[in-house]
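Read through the structure below, which is laid out as structure tokens, and then see the notes.
The values are calculated or read from the model by the stated rules, or taken from the named source; none is laboratory data. Keep in mind it's a predicted model, so treat the numbers as computed, not measured. Please note: Cβ atoms are built from the backbone with ideal geometry, for glycine as well, and neighbour counts cover all protein chains shown. These accessible areas exclude ligands, DNA and RNA; they are computed on the full protein's heavy atoms, side chains included. Shrake-Rupley method; radii C 1.70, N 1.55, O 1.52, S 1.80 Å.
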Amino acid sequence: MSILALARPEIVALKAYSHASWDPAFDRLHANELPWRAETDRSSAGLNRYPEPHPHELAARLAGLYGVRADQLLPGRGSDESIDLVVRGFCRAGLDNVIICPPTFGMYSVAARIQGAAVREVPLHPERDFALDAAAVLAACDANTRIVFLCSPNNPTGTALDPAVVTAVLNAASGMVVVDEAYAEFSHSPTLLPELAGLPRLVITRTMSKAFAFAGARVGYLAADPAVVDALRLVRLPYHLSALTQAAALAALRHADETLGQVAQLRADRDRLVSELRAMGLDVVDSDANFVLFGRFHDQTVQWQGLLDRGILVRDVGLPGWLRVSVGTTGECDAFLAAVREVI
Ligand SMILES: *Cc1c(COP(=O)(O)O)cnc(C)c1O
């Protein structure tokens, strides 16, 4: 069965928007662009011109960095766009459903609801260390389940999935499985990117927003079977990544080693937060990400306000008893720990 049998039939039948040719060898008199730059334009590409519709160089650079092929890779405006594209490409409104495992990242259900797909929840339980219940996920699937969303490491728990659990879900579910690896660089658990070639129903989303210190630029990508990538290229808007974004991402990737090298410091501070919060007698979930979920408070809004009164903003993720703190600089971690000592 072709992987595209799972995609929305109207997407598979779609003819791509025919955009202006990108070949720089010609005089560009076909795209209604102005022939000169604005006075303020110091960009290398020239912002009077439309950008490259599919950012080939960026796709190739990211593919090289992660050991996948460029045709398995679709750059986009952060993971948020990748999630939205998969939902719009695969879920028929009013018919199909997606599975999520809350507490988890909020975009999966938002994207599904906008598309008109039903959202089925298979909760993770604190009593079981928020571990994924693969059997319960499979029990919730039916013939109209188009996507199972798995997040590893999961936001807001910080827990990474055992790759064997993911492949068990993939092998037994009939739809697509999206594994959100936004925090993979902080994790000790291996990425699933090397498994991609043998698993055509797997979609992996990654982002430059977290470990690449690049959230403001809005760059992420999904990695999937080339047939899935081609189908989702029909769904996304033409010129979705501006020339400025493409240039900034390529420049950031030239310094990938230095940027990712600093993740080690962050991990050390994260592990210190976990052990010091535990030493205060709090419940703390082991984290493979750049944040820590801690509690359990009788009413977490009290401690949240207490920390805010001391100038520290953490996140109440709506999980009764728990708060989530992002790992900041070493100094910010120290200030946070001192404030927690005062409010508990
Ligand atoms: C932060 C985050 C993202 C990143 O989204 P971008 O659109 O790439 O900034 C994706 N997934 C999860 C689980 C996140 O927490």
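Taking a 1.4 Å probe, which of His240, His188, His298, His56 shows the most accessible area, and what order do the others take after it?
His298, His188, His56, His240
Taking all protein chains together and a probe of 1.4 Å, list Ser174, Ser82 from the most accessible to the least accessible.
Details: Ser174 65, Ser82 5 Å².
Putting Ser174, Ser82 in descending order of accessible area: Ser174, Ser82.
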Helix-only [θ] at 222 nm, the chain, -39500 (n - 2.57) per DSSP H run of 4+, per residue, nearest 500, equals -10500 deg cm²/dmol
Accessible area per residue, 1.4 Å probe, Å², for segment 185-344: what's the number?
44 Å²
Out of all DSSP beta bridges with both ends in segment 3-257, state the antiparallel percent to the nearest 5.
35 percent
Under 5 Å from the placed amide H of Val148, counting only residues 5+ away or on other chains, we find Ile99, Met176, Val177, Val178
So if each residue of separation counts as 0.36 nm, and I subtract the Cα-Cα distance between Asp142 and Asp27, what length gain in nm does that give?
36.0 nm
Within the accessible area of the chain (1.4 Å probe), percent carbon and sulfur:
55 percent
Compute the distance in nm between two label points, each set 7 Å from the Cα along the Cα-to-Cβ direction, one at Leu308 and one at Asp230.
5.2 nm
Just how large is the dipole of the chain about the Cα centre, in debye to the nearest 20, putting +1 at every Lys and Arg Cβ and -1 at every Asp and Glu Cβ?
620 debye
